[in-house]
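J.: Questions regarding the structure given below will be posed in turn.
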């Protein structure tokens, strides 16, 4: 049950610059500290940050007119927690190698939590830029969240087809940037981000460009190139286009279902409960991605449909048909709870099964 070197396959330039820090931290940690505990602790720092901002800025109107100002200490805590989470994510693999405790389950645990972490750091940093007349709209952030989620699954789709996981430098630079933004916000306040940088270009525009640019300029071209290179070298693991694209079927269906929900919602659910909707989508995505990670690690065929999406289809149809119009928010909360519990149950089941298997041997 320990993290292998999977989290350190190929990392970006920023990560390379921070390797001395990661090595120092890994040498300080006691050898009895399980790598999986390091991974989980880093993840919980992100959950803690998300929870903290949910308390002070649940509806993403930080420092808006008539709203309670988010205290500076909250932004400082968010910056420290985010950097600690990033640091621990860079240390867990080194701790596993240092203690000779690398296992496939550790890789699944590491990348599985990374897939879930996407929604927590994206939704949390949104409080900096907020929504309203000068902020980023909740629908815009919904699509930006999907850009981040698609960037994440691209790397694992690449490994599913090539056997090699490449983690682009976009991840590293984004984590360091987010941590710095939180600290700056504590000093200058969120209002500073609403001012133009050059002409009519605002900081929120740079935020959007950074996210979209990482996908279309770096991650997508690199993944396509690596898959093409594997095809050219006859090392591609799946010969047909259908088999190669199987991992995208469930994420695309999840995107279609969630987009239909916000587009045809009788009560405009994304405007009323954006934070909970993001959490639901991000958790469902993580569940789908974890199953892909299991397939790529075990060299098994990816199933085209995740069973979680069947009841979600029924929920979305009930909502957009108007059957539960007056209880849509309640339905969202109930379905979000079901998705979270289902995902946790899946994770516990995989860990328990792997533990029993190791014990048997």
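The values are calculated or read from the model by the stated rules, or taken from the named source; none is laboratory data. This structure is a prediction, so every number in the text was calculated from the model and none was measured. We place every Cβ from the backbone using ideal geometry, glycine too, and count neighbours over all the protein chains shown.
J.: Looking at 182, 160, which one is closer than 30 Å to residue 83 by Cβ, buried (at least 17 other Cβ atoms within 10 Å of the Cβ), modelled with pLDDT of 85 or more and within 22 Å of the chain's Cα centre (by Cα)?
T.: That would be 182, the only listed residue that is closer than 30 Å to residue 83 by Cβ, buried (at least 17 other Cβ atoms within 10 Å of the Cβ), modelled with pLDDT of 85 or more and within 22 Å of the chain's Cα centre (by Cα).
J.: Please give the number of the condition residue 177 fails out of (1) assigned to a helix (DSSP H, G or I); (2) in contact with a helix residue (DSSP H, G or I) (Cβ under 6 Å, 6 or more places away or on another chain).
T.: (2)
J.: So for the range 346-355 (the condition being touching a helix residue (DSSP H, G or I) at 6+ places or on another chain (Cβ under 7 Å), at pLDDT below 95 and closer than 20 Å to residue 123 by Cβ), does at least one residue qualify?
T.: Among the residues of the range 346-355, not one is touching a helix residue (DSSP H, G or I) at 6+ places or on another chain (Cβ under 7 Å), at pLDDT below 95 and closer than 20 Å to residue 123 by Cβ, which makes the answer no.
J.: For residue 247, indicate whether it is surrounded by 17 or more Cβ atoms within 10 Å (Cβ to Cβ), more than 28 Å from residue 58 (Cα to Cα) and under 19 Å from the mean Cα position of the chain (by Cα).
T.: Yes: the conditions hold for residue 247.
J.: On to the next question. Check residue 343 against each of (1) at pLDDT below 95; (2) within 20 Å of the chain's Cα centre (by Cα); (3) surrounded by 19 or more Cβ atoms within 10 Å (Cβ to Cβ) and name the one condition it does not meet.
T.: So the condition that residue 343 fails would be (1).
J.: Here is a list: 154, 141, 165, 105. Which entry is in contact with a helix residue (DSSP H, G or I) (Cβ under 8 Å, 6 or more places away or on another chain), surrounded by fewer than 23 Cβ atoms within 10 Å (Cβ to Cβ), in contact (Cβ under 8 Å) with a residue 60 or more places away in the chain and over 22 Å from residue 227 (Cα atoms)?
T.: Matching residue, one of 154, 141, 165, 105: 105.
J.: Under 7 Å between Cβ atoms, at least 6 apart or on separate chains: pull out the pairs that start in the range 341-354 with a residue that is over 15 Å from residue 40 (Cβ atoms) and end on any residue that is part of a helix (DSSP H, G or I) and at pLDDT below 95.
T.: Note: pairs meeting the criteria are 346/290; 354/105.
J.: Okay, moving on. Tell me whether the range 66-87 contains one or more residues that are modelled with pLDDT under 80, at positive phi and crowded, with 23+ Cβ neighbours inside 10 Å.
T.: no
J.: Within the range 289-307, is there a residue that is farther than 30 Å from residue 105 by Cα and either over 21 Å from the mean Cα position of the chain (by Cα) or at pLDDT below 90 (or both)?
T.: There is no residue in the range 289-307 that is farther than 30 Å from residue 105 by Cα and either over 21 Å from the mean Cα position of the chain (by Cα) or at pLDDT below 90 (or both).
J.: How do the helices (runs of 4 or more DSSP H) wholly within the range 207-301 filter down when requiring 1 or more residues that are under 17 Å from residue 154 (Cβ atoms) and in contact with a helix residue (DSSP H, G or I) (Cβ under 6 Å, 6 or more places away or on another chain): which remain?
T.: 220-232, 241-264, 274-298
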